[in-house]
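Presented below is the structure to which this report refers.
Coordinate-derived values only; no laboratory data. For clarity, every value in this text was computed on a predicted model and none was experimentally measured. Positions of Cβ are generated from backbone atoms using ideal geometry, with glycine treated the same way; all protein chains shown enter the neighbour counts.
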């Protein structure tokens, strides 16, 4: 009896132990449901498959959410719908995948501290540029787009549009299409990107920095903006243009080549600094034409090189001075091999085939000093009529067909 009771007791223990072991392991793990088109996301998600949507794809509906595309593709119906959208959210992250074929790839409204990283936004927008594109940011702060690609349908279709926003940073992205910063957008950084087609446009976009980008057949336009820095960029086949009502703009250490115009100033632009840039193989390296010189007061052009431009290396033209002489200086620049493909004249009928060419009224007070010219087609410096510029001395001409006129060159 003792032995039977012991076996029974032992069997009971084994049975109970087995039961405990079985109850400790769930009979069926409850996996997170798959993400579907039209979902509102309120927690971190990781895609397990591509999403093919006939309308809007995903809406982020909570703060602090990460949407990890996990190398998958979210695709739309082509030219309609939105890939991922969020309104009045904070601390969002969209990463690691592709969003293609929507009217807008990503739209953000009144969000803060959003990161879009390692995302390819391809073929969003339409063939006829309009209210669509890659990323739309309205009234956002702290948006960072990094290490991905944004390729609009056409070069005129915006890759990124930001309005009424602060702290936009776009870095390390391949961009086909434009980036438009406008309507009270401040403190933006566009750096270390590769642009093909389109252009960066800053309009009512103060404290914008565009630096260390590579532009191919694309450029930069600034208007109605203050405290803009354009530095260290490489532009091939593109132009930097300063339009109306800009102030405190610095264009420094850029390399510009092979377009009709390297840098254009054609509107009011006060306190502009053009320093240590290379202008090569344009028609006009730098082209300044305004109605009144007074609107470009404070323009300083210093230590730039103007080489092998078909027309003038640097061209100034204005029919009138304005209420008072403008403080303009052209100092320490080098002009080499310009003017050999000229086919245009200034408003006075003089050929545009010089290193530095000015056609401004007498008494304009443009200071020309310390420039070196070499082997330009006509003059190294042609500053006419006589007395229209102020000769600061130190200008040197070597091998120019007709030396200098309007200033003394040794």
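Summary of values
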{"read-out": "Along each principal axis, Cα extent of region 354-410, largest first, Å", "value": "29, 19, 12"}
{"read-out": "Volume in Å³ per residue [convex hull over Cα atoms, computed for region 91-405]", "value": "109 Å³"}
{"read-out": "Crossing angle, helix 2-24 versus the chain [Cα axis fit, 0-90 degrees, rounded to tens]", "value": "30 degrees"}
{"read-out": "Hull volume in cubic angstrom per residue (convex hull over the Cα atoms of region 183-263)", "value": "71 Å³"}
{"read-out": "Beta bridges per DSSP with both ends in region 91-405, % antiparallel, nearest 5", "value": "0 percent"}
{"read-out": "Ratio of Rg to Rh over region 296-348 (Cα coordinates, Kirkwood Rh, two decimals)", "value": "1.03"}
{"read-out": "Residues of region 241-257 with amide N under 11 Å of the 7 Å Cα→Cβ point at residue 171", "value": "none"}
{"read-out": "Value of [θ]222 nm, deg cm²/dmol, for the chain, DSSP H segments ≥ 4, -39500 (n - 2.57) each, nearest 500", "value": "-2000 deg cm²/dmol"}
{"read-out": "Inter-centroid distance (Cα atoms) of region 295-317 relative to region 176-243, Å", "value": "20 Å"}
{"read-out": "P(r) of region 256-327 over all Cα-Cα pairs, binned every 5 Å from zero, in whole percent", "value": "4, 18, 26, 22, 17, 10, 2, 0"}
